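These notes are about the structure you will find just below.
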Amino acid sequence: MSFALVALPVPVRQLFTYRVPEALAATALAGAPVEVPFRGRAARGVVVERISTTALENVLDIAKVTGAPLLSPHLLALTRWVAEYYLAPPGEVVSAALPGGNEGFARSLARRHALEDRVLGLGLPERLTLTAAQKEAATAVDAAVASGGFQPFLLHGVTASGKTEVYLRAARAAREAGGQALVLVPEVALTAQVVAMFGKRFGGRIGVLHSYLPLGTRRRNWELARRGALDVVVGARSAVFAPLPDLKLIVVDEEHEPAYKQSEQLRYHGRDVAVRRAQMLGVPVVLGSATPSLETLANAARGRYRRIVLPARVDRRALPIVRVVDLRREGSGPGVVSAPLRAGIAERLARREQVLLWLNRRGHSHHVQCRACGHTPECPRCDIALRLHVEPRGLRCHYCDHRAPAPLVCPNCRSPLLRFGGAGTQRAERELAQVFPATRVLRLDLDVARAKAGPGETLARFARGEADVLLGTQMIAKGLDFPRVTLVGVLDADVALHLPDFRAAERTFQLLVQVAGRSGRGRAPGEVMIQTCTPEHPAIMAVATSPLLEGERAFRKRELAERRDASYPPFTRLVTLLVDGPDEALVERAATGIAEHAREQAGDDNITVLGPAPQALSRLRDRHRWHVLLKSESAKTLHRIAASALTWADQPGHRNIRVIADVDPIEVL
């Protein structure tokens, strides 16, 4: 008699034990999809491990095995590590490793009928002349791939310094060594461009994995990767689980991006999981960025990562000139584009060059307020003001997608004196159409991306020169290469600068450097105009400093000093315990109990427990939200206290209360 530990896609931090009938002993292997009885119904799961004995009584049988093993022993070990490190339900982790989850995966026709490209596809030869810094980086990474072994690299290069070329050559080295490469990018918008670059070198043996692809396509590419029919897989965060049997290189581009951290449910960090996967396999991992996170730089300073710097752009191209527009003196009036920026746009349009405008806020207006009584329409399910959209027209919540008609008069006092505050991309688009009526403008934000099944076509049209101006949110802020863009305008640099989060300044600096790097990537010199009401802020001053690396060093030194004084990463570790539920009083009581339990368990250990306190968005989708923050220099101790608090919260008296651990949170709002 034998038993199996099965991962089920339920929010419970445990595996479930089932007896393996003799008839299924040969097929109920680790990694196999199975159907089991669970709470009076049939449920689909994945066998994680076979065991010979169990202390449990009345163990139910596995009903049937629905296919061959889906996950290799390595991926099973990786998902187990993710579940343990992030204090997450193992069934949810296993589901994240399978495109679309367990449901229908084993019987997926797209996966089972995946056709391989049996032609190796040598692609184009490399004719580029590398800079000295690129040669150093490529030589080091290629040697690491050839020799094998876990070697983490930080490729710290200014924008347009040729990091992608280093990735390409490292991937070629992986293929020559008989293996595969995994390339992670933070935004779906970047995948098409990265795939095109790799396709020129590798032919058709490139696969893509991200959530904007149709489910059948994702499962087909997943299956091709599992068979070893792909040389390179490019994808967003969840592609870190790609089933590559001969993986010899992992690349994490724009490693600093918060998009690598899952913000809901399974809160893992794709970059950190990639590093752990490389360590488990014994292969090199390259973390690339023009603005590395302070945590990654700290790892390099401690000797854990090898840092290689690319200090200049390729072909001796100059970094763009950065001009800060003080909106307190050169205000944009009723619009969102200041006079200096309007003049800069007109100049580029006259020269038939392209312009990129960045505003990290979608919709038309951030909020609507009555000037007579002060009323602001709010979401009935979330504690946040409704945003005004004009396409289609109406008020919308950006969290739960609640929608309401756009008011013509105040719903509270019937006054027609409505003020529309906080400009978004739709408002900027309308203003550009009024100021430059003959100009072709493309907008790219989440609304456009969802409506058109992804951002690829919009970006392709801009690359083909079918538009003069590309206006967008953070989707256009990093990694994109448009040689004809000679002006980048930041319409509001202060959007996230003053959030009550210890990473607000670092995040703003990174975004500004990244979006500025889209300018001047061709032969013509580039310029950047940053509109702000706080030009004296260190993050903005650092971006305007020349050379940029000196500005970055000064900013980093200041940030690290503040982090050290306040005991924040990289000098300490964090875990946030997130508590939510439909009854505010019960949520507050549970959060208070969790904080008290954590303090009791901490004892004499050097752990700081902050809270409980309501989250910045204190109600979301009709659930009230509180949090407790744990801080310690010891990750092991921190995990012990957090796990104990979660176990305490699982008691029967906390029904309808959900508690989630966010290990290594990227924000503490």
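Please compute the Kirkwood hydrodynamic radius over the stretch 363-485, one decimal place, Å, based on all pairs of different Cα atoms.
Here the Kirkwood hydrodynamic radius works out to 16.0 Å.
If the label point is 7 Å along Cα→Cβ of residue 1, which residues in the stretch 18-39 have backbone nitrogen under 13 Å from it?
Under 13 Å, as judged by backbone N against the label point of residue 1, lie 18-22 of the stretch 18-39.
Quick one: 366, 210, 498, 113, fewest Cβ neighbours within 10 Å first, how do they rank?
Least to most surrounded, the residues fall as 113, 498, 366, 210.
For the chain, what proportion of DSSP beta bridges, expressed in % and rounded to the nearest 5, is antiparallel?
Antiparallel bridges: around 50 percent, rounded to the nearest 5.
In whole angstrom, how long is each semi-axis of the equivalent ellipsoid of the stretch 573-663, when you take the square root of 5 times every eigenvalue of its Cα gyration tensor and sort them from largest down?
So the equivalent ellipsoid measures 22, 13, 10 Å along its semi-axes.
Work out the FRET efficiency for residue 558 and residue 600 from their Cβ-Cβ distance, taking R0 = 41 Å, and round it to the nearest 0.05.
With a Förster radius of 41 Å, E is 0.65.
For n ≥ 4 DSSP H runs only, could you compute -39500 (n - 2.57) per run for the chain, divide by its residues and tell me the 222 nm figure to the nearest 500?
Values: 18 runs with 212 residues, N = 669.
That calculation yields -10000 deg cm²/dmol at 222 nm.
Give a quick list of trypsin sites (Lys or Arg not before Pro) in the stretch 450-524 that DSSP marks as loop, anything other than H, G, I, E or B, with at most 12 other Cβ atoms within 10 Å. Mind showing how you got there, number by number?
On the way: sites: 450, 452, 461, 464, 478, 484, 503, 507, 518, 521, 523; in loops: 452, 464, 478, 484, 503, 518, 521, 523.
Within the stretch 450-524, the qualifying trypsin sites (Lys or Arg not before Pro) (loop, at most 12 other Cβ atoms within 10 Å) are 464, 523.
Roughly how many Å is it from the Cα centre of the stretch 11-28 to that of the stretch 523-552, as a whole number?
Result: 58 Å between the Cα centres.
I need 420, 105 ordered by Cβ neighbour count within 10 Å, fewest first.
The most exposed by this proxy come first: 420, 105.
Considering only DSSP states other than H, G, I, E and B, which GluC sites (Glu not before Pro) in the stretch 564-652 qualify as loop sites with at most 11 other Cβ atoms within 10 Å? Could the numbers behind the result be given before it?
Working: sites: 584, 588, 596, 600, 633; in loops: 633.
Counting only loop positions with at most 11 other Cβ atoms within 10 Å, none of the GluC sites (Glu not before Pro) in the stretch 564-652 qualifies.
Pairwise over distinct Cα atoms, reciprocal of the mean inverse distance: report the Kirkwood radius of the stretch 429-471 in Å, one decimal place. It would help to have the intermediate numbers written out before the result.
On the way: mean 1/r = 0.0928 Å⁻¹.
In the stretch 429-471 this quantity evaluates to 10.8 Å.
On a full-extension model of 0.36 nm per residue, what is the gain between residue 621 and residue 321, subtracting their alpha-carbon distance, rounded to one decimal in nm?
Computed gain between residue 621 and residue 321 is 103.6 nm.
Counting only Cα atoms, I'd like the Rg/Rh figure for the stretch 178-302, Kirkwood definition for Rh.
0.95
How high is the FRET efficiency between residue 263 and residue 74 when r is their beta carbon distance and R₀ equals 30 Å, given to the nearest 0.05?
On the way: r = 27 Å, r/R0 = 0.90.
So, using R0 = 30 Å, E works out to roughly 0.65.
In nanometres, what is the gap between the two model label sites at residue 200 and residue 301, each 7 Å from Cα along Cα-to-Cβ?
3.8
Based on a Kirkwood Rh over C-alpha pairs, give the Stokes-Einstein translational diffusion coefficient of the stretch 2-107 at 25 °C and viscosity 0.890 mPa s in µm²/s.
Translational diffusion coefficient: 181 µm²/s.
Can you sort 473, 17, 159, 129 by how many other beta carbons sit within 10 Å, fewest first?
By the 10 Å Cβ count, ascending, the order reads 129, 17, 473, 159.
Across the chain, what fraction of all alpha-carbon pairs, as a whole percent, falls in each successive 20 Å bin from zero upward?
Using 20 Å bins, I get a P(r) of 17, 49, 31, 3, 0 for the chain.
So which of 557/631; 163/248; 163/557; 248/478; 135/478; 248/557 end up more than 28 Å apart, counting from Cα to Cα? It would help to have the intermediate numbers written out before the result.
Numbers: 557/631 22 Å; 163/248 19 Å; 163/557 25 Å; 248/478 26 Å; 135/478 24 Å; 248/557 35 Å.
Beyond 28 Å between Cα atoms: 248/557.
Loop-only trypsin sites (Lys or Arg not before Pro) in the stretch 244-285, please: DSSP not H, G, I, E or B, and at most 16 other Cβ atoms within 10 Å.
In loop regions of the stretch 244-285 (DSSP not H, G, I, E or B), there are no sparsely surrounded trypsin sites (Lys or Arg not before Pro).
In the chain, which cysteines lack any other cysteine Cβ under 4.7 Å from their own?
When partners are defined as cysteine Cβ atoms under 4.7 Å apart, the chain leaves 400, 533 without one.
Please list log₁₀ I(q)/I(0) at q = 0.11, 0.19, 0.20 Å⁻¹ for the stretch 426-560, using the Debye equation with identical point scatterers on the alpha-carbon positions.
-0.44, -1.18, -1.26
Nearest 0.05, what FRET efficiency do residue 502 and residue 351 give at R0 = 56 Å with Cβ-Cβ as r?
The pair residue 502/residue 351 has a calculated efficiency of 0.85.
Bear in mind these aren't lab numbers, they're just calculated from the coordinates by the rules spelled out. Just so we're clear, the structure is a prediction, and the values are computed from it rather than from any experiment. Every residue, glycine among them, receives a Cβ derived from its backbone with ideal geometry; neighbour counts consider all protein chains shown.
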